[in-house]
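*Asks:* Mind having a look at this structure? Questions to follow.
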Amino acid sequence: MEGAYLSAVAALAGSTIGGLTSLAASWLSQHAQFRAQRHDDDVHRRQDLYKAFIEEASKLYADAWQSNEPNVASLVHIYALISRMRVISSAAVVASADLVGHRILEQYRAPNQSLLDIDRMIDDASMNPLREFSIACREDLNRLGRRPDLSGD
């Protein structure tokens, strides 16, 4: 009779171990998928934030070349985007974004530019205030192990 009990206990133990193994494998798989999804969401959130900043800063910078009266709501929006970057982005990205904000403000204080003035400065770094920012963003996204999405969507 002891043999029957031993067989039953061995079968139950094997079944329990098999069930626990299956449960652990399922949990590990779900956990890995969750982490990957969270990582992808983080990358997309950063991409969207960087895109919004580039679009808004470009509009403001173009306006600053033609006007000395800044659009205060747009300036506040730019600094709100920079503040969001402070929460989720690298220090290099934030520093570059701050520099873009300062350059926009400096351009509003500068005399308005004509098309001839702009043509003379086309190769000057002042015509591309977002260069350092875009490089910092690319490095930030590469550091996360993800190539930036250049599709424009």
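*Asks:* Identify, by number, the condition in (1) more than 27 Å from the chain's Cα centre (by Cα); (2) without any contact (Cβ under 8 Å) to a residue 12 or more places away in the chain that Ser67 doesn't meet.
*Replies:* Status for Ser67: all satisfied but (2).
*Asks:* Could you list, in sequence order, all residues of segment 47-67 that are exposed (fewer than 14 other Cβ atoms within 10 Å of the Cβ) and more than 11 Å from Ile104 (Cα to Cα)?
*Replies:* Asp48, Glu55, Gln66, Ser67
*Asks:* Now a separate question. If only one of Ala92, Ala64 is assigned to a helix (DSSP H, G or I), within 16 Å of Asn128 (Cα to Cα) and touching a helix residue (DSSP H, G or I) at 6+ places or on another chain (Cβ under 6 Å), which one is it?
*Replies:* Checking each option against the conditions leaves just Ala64.
*Asks:* Across segment 22-60, what is the total count of residues that are modelled with pLDDT of 80 or more and either closer than 17 Å to Arg143 by Cβ or not in a helix (DSSP H, G or I) (or both)?
*Replies:* 11
*Asks:* Can you pull out the residues in segment 67-89 that are closer than 23 Å to His44 by Cβ and not in a helix (DSSP H, G or I)?
*Replies:* The one that is closer than 23 Å to His44 by Cβ and not in a helix (DSSP H, G or I): Ser89.
The values are calculated or read from the model by the stated rules, or taken from the named source; none is laboratory data. What you see is a predicted model, and the numbers here were worked out from it, not measured in a lab. With ideal geometry, Cβ positions are generated from the backbone for all residues, glycine too; neighbour counts draw on all protein chains shown.
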